[in-house]
Structures are given as structure tokens and as C-alpha cells.
Amino acid sequence: MSAARSYPRSDVPDFHRDARPPDPARAEPAPDPESTASADVATTDGIDLSALSIAGITRRRAGWIAAGLLSVWIVIVFARQASEAAGAAARADQIGRDNAALAAEVASLENDLLLIGRPEYVAQDARAYQIGSPKEVPFVLDPSVPAPAADAPGSAALRLGAAEDRRSPLDTWLSLLFGPG
């Protein structure tokens, strides 16, 4: 690109024209000084891209910049849409997993309902309210009796046949200091 495009056309010679002298009939009249002021105001209202070539920005480069910005905007919009679609797919997968978990819970509750409805369970639960056969002797624990200790005979800690977990005193101290390992 040449710097000639940054100057007004009347100041730059046009080498592509033929060398004939200018036609006086086609000559432009001399501008009136009062009318040039209004013409300058009219030209400053619009954007004159020919003045941009001084800074190295031509119309073509401005077009490429605009096309580049448009392309970047399209890529950003597409990326946002793709991420929203991926998020929606992830939410759909999570909802599917939640539905499966709820279905399993419903099946478990239906099994509990079947268990509770069995006559054996109803008879066992009726004994808690002393509604049993007349030959039965009601048995109730006294609420003032404390709960048995964790190491009491018959407790889960000392079940018959349970393997004892014997550790050395050093292992016990290390697990107290650093946690179970």
C-alpha cells in the first residue's frame, strides 16, 4: 500500500490517466471559502477511512480486523453453547442416577411394607402392647436399669468365637499418637 491514498486526490498526481490536458468544460469550479467551511463540517460527520492509512490501517486491514473479531465472537458463542450442552448432559446423567437410587429406595420400602404386613411380625409387635395370647407372660425391661457396658458378656465386642484383636503396647501408642493405620 502506498501513502498516496492518505492525501486528498487533488494533491496526488494520477499516473494512470492519459497525458491529455484537462478539459475546461469538465473542470470543477473554484470552491467558495464560505462553502468550504460547511463542506468540512459535512465531511467530519461521517467516518473517513482514507485517513486511517496514515496509521498503517487501510480499508482492507480494517475489514480483516472486523472479520477476525466476528470470527472470535462466533467461536466464543459456540464454545459457550457447547459447555452449556455438556452441563445439561451432566445434569441429565445425575438425574438418571438419582432416579435409580430413588427406585432402589422405593423397592426397599416396599419390601419393608411386605415384612410389616406378615402375620408373624404383627403378632410379635402386638406383644409389645401386651396384646397376645392369654397364656403369655408380658416381659418388659425396667427403664431405670442402665444399658450394659460395651464389653459385657453377650455384647458385640465379646461375641462367642470372635477373633480377638491383640496389639502390642507400641502399636496402641502409635495409633493413639498418629491415628489408626
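A few remarks follow.
- Calculated FRET efficiency, Val77 to Leu141, Cβ-Cβ distance, R0 = 45 Å: about 0.05 to the nearest 0.05.
- Simple spin-label estimate for Ile131 and Ala88 in nanometres, 7 Å along Cα-Cβ: 5.5 nm
- The modelled label-to-label distance for the pair Ser168/Asn99, using points 7 Å beyond Cα in the direction of Cβ, is 5.8 nm.
Here, each number is a calculation from the coordinates, and none is a lab measurement. Please read these numbers as outputs of a predicted model, since none were measured by experiment. Reconstructed Cβ throughout: ideal geometry from the backbone, glycine too, with neighbour counts over all protein chains shown.
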